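Take a look at the structure set out below.
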Amino acid sequence: MTEHVTIVSHDTGGAEILSSWLKRNGNAASVVAAGPAEKIFRHKCPQAEFLSLEKALMKTDWLLSGTGWESNFERKAIFKAKKLGLKTIAFLDHWTNYRERFEENGSVILPDEIWVGDIQAEQIAKNLFDKIPILLKPNPYFEDLLDEIDNIQQIKSNTKRTQILYVCEPIEDHALKQHGDTRYWGYTEHDALRFFLLNISKIFQQIDLITIRPHPSETKEKYKWAKSFTQLPVRFGGKKSLLEETVESNIIVGCESMAMVVGLLAKNRVISTIPPGGRPCQLPQLDIENLQQLVRNKDYNHD
């Protein structure tokens with residue numbers, strides 16, 4: 001496609017993929033961004049034309065959107081574009097809650113086509129959306145990350161220190177918005193962090209540093225309680241980019257964040273900290289370890 005495209009984005013994950021796509025493809029484009037996406041696009045694509053949705057749809061040939069679920073920003077854009085007879089495409093940026101990403105007030109607002117960036121996402125999407133074309137595309141964000149990882153790791157020191165990056169997610173907010181229950185998945189982000197802090201020293205005898213990185217939609221103060229909860233060396237991240245903090249660490253932990261997949265790209269050890277009672281990690285990457293299982297194995301071997 002060489003026509004003019006309108007790119008619509010709100011959440012962080014979709015913004016990273018779509019901004020990388022725009023950088024790599026150089027299409028004639030208008031960007032309609034809000035929430036965390038606006039900062040990402042203005043940083044990565046400063047020369048882009050930023051417009052309101054109404055103005056962008058007046059001059060475009062097709063729409064490419066993210067599939068965030070922190071707001072209905074992208075779903076509303078797909079709905080308006082389809083009413084105008086424009087082709088709509090959505091790029092899935094994760095591996096979970098695919099159907100919910102298109103639900104709006106009891107209805108389902110589906111695009112004409114769905115793009116995915118890896119074979120795991122392709123299989124999940126095809127199982128759920130059998131009436132829509134699902135196209136496997138190179139993941140432009142991962143391609144950018146691999147280039148940056150190579151550059152950063154060339155200057156990274158070969159430290160033997162155990163440095164853990166804990167990537168947070170607003171699990172309560174998502175569960176409340178989607179299901180009306182903050183504990184719908186059996187745990188909250190605070191449960192997971194407490195489980196991690198109570199058990200991680202069973203896995204690693206020496207821990208030199210734990211960096212807790214709040215999600216971009218969370219406040220810096222949200223996890224301050226963790227510093228007094230544990231004697232482990234905790235600090236708070238987020239001032240550097242996710243990639244910088246990932247490469248500076250050698251172990252990445254979280255629940256089911258995209259940042260954990262970034263950790264795999266950087267060839268770090270990655271562990272899911274979903275606590276007992278929580279639903280299993282929905283990320284399909286087999287290299288992601290499970291803290292519950294690691295603790296059980298350690299306790300069993302110790303006995």
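The values are calculated or read from the model by the stated rules, or taken from the named source; none is laboratory data. Everything numeric here is computed off the predicted structure, so don't read it as measured data. Glycine gets a Cβ as well: all are built from the backbone with ideal geometry, and neighbour counts include every protein chain shown. For the accessible areas, the whole protein counts, side chains as well, though only heavy atoms, and no ligand, DNA or RNA atoms are used. Shrake-Rupley method; radii C 1.70, N 1.55, O 1.52, S 1.80 Å.
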* Computed FRET value (nearest 0.05) for Lys160 with Ser217, which takes r as the C-beta separation and R₀ as 41 Å -> 0.75
* Asked: Quick one: what does P(r) look like for the stretch 150-258 with 5 Å bins over all Cα pairs, in whole %?
  -> 2, 11, 21, 23, 19, 12, 8, 3, 1, 0
* For the stretch 62-183, report the translational diffusion coefficient in µm²/s to the nearest whole number, using Stokes-Einstein at 20 °C, 1.002 mPa s, and a Kirkwood Rh over Cα pairs. => 128
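Compute the Rg/Rh shape ratio of the chain: radius of gyration over Kirkwood radius, all on alpha-carbon atoms.
Using Cα coordinates only, the ratio equals 0.98.
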* Accessible area per residue, Å², the stretch 153-303 with all protein chains present, probe 1.4 Å -> 52
* Asked: Which value, in Å² and to the nearest 10, is the accessible area of Asp11 when all protein chains are kept and the probe is 1.4 Å?
  -> 20
* Structure fact -> Taking placed amide H atoms and a strict 5 Å upper bound, the residues 5 or more places from Trp115 or on another chain that come that close are Ala90, Phe91, Leu92, Leu135
* In range of the label at Lys59: residues from the stretch 4-28 whose backbone nitrogen is under 15 Å from the point 7 Å along Cα→Cβ -> 4-7, 27-28
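Please work out the Kirkwood hydrodynamic radius for the stretch 56-126, using every pair of different C-alpha atoms, and report it in angstroms with one decimal place. Don't skip to the answer; put the middle values down first.
Numbers: mean 1/r = 0.0801 Å⁻¹.
Taking the inverse mean of 1/r over all distinct Cα pairs, the stretch 56-126 comes out at 12.5 Å.
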* **Segment Ser107-Ile119, extension gain: residue separation times 0.36 nm, minus the distance between their alpha carbons** => 1.5 nm
* Asked: Once every DSSP H run of n ≥ 4 in the chain is given -39500 (n - 2.57) and the sum is divided by its residues, what mean residue ellipticity at 222 nm do you get, rounded to the nearest 500 deg cm²/dmol?
  -> -12000 deg cm²/dmol
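Go ahead and run the numbers for FRET between Lys202 and Gln282, Cβ-Cβ distance against an R0 of 25 Å, rounding to 0.05.
Numbers: r = 25 Å, r/R0 = 0.99.
For Lys202 and Gln282, the calculated efficiency is 0.50.
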* Asked: Looking only at His174, His43, His190, which one moves most when the chain is put into a Gaussian network model with springs between Cα atoms under 10 Å?
  -> His43
* What residue among Arg101, Arg279, Arg213 shows peak mean-square fluctuation when the chain is described by a Gaussian network model with Cα springs under 10 Å? -> Arg279
* Structure fact -> A correct Karplus calculation of ³J(HN,Hα) over the stretch 181-190, with 6.51 cos²θ - 1.76 cosθ + 1.60, θ = phi - 60°, whole Hz and x for Gly and Pro, returns 8, 5, 10, 4, 8, x, 6, 10, 4, 6
* Structure fact -> GNM on the chain, Cα springs under 10 Å; top mean-square fluctuation among Ile89, Ile203, Ile251 goes to Ile203
* **³J(HN,Hα) computed for each position of the stretch 61-78 - Karplus, 6.51 cos²θ - 1.76 cosθ + 1.60, integer Hz, glycine/proline x** => 9, 7, 10, 10, 10, x, 9, x, 10, 7, 7, 9, 3, 6, 5, 4, 5, 4
* Asked: What percentage of the solvent-accessible surface of the chain, computed with a 1.4 Å probe over protein heavy atoms, is contributed by carbon and sulfur atoms?
  -> 49
* Asked: If you count the DSSP beta bridges with both ends in the chain, what percent of them are antiparallel, to the nearest 5?
  -> 5
* Structure fact -> Residues whose modelled amide H sits under 5 Å from the amide H of Val253, counting only those 5 or more places away in sequence or on another chain, are Leu165, Tyr166, Val167, Ile271
* **Mean accessible surface per residue for the stretch 1-134, computed with a 1.4 Å probe while every protein chain stays in place, in Å²** => 44
* Three-way shape label, the stretch 205-293, alpha-carbon gyration tensor, a/c 1.5 -> rounded
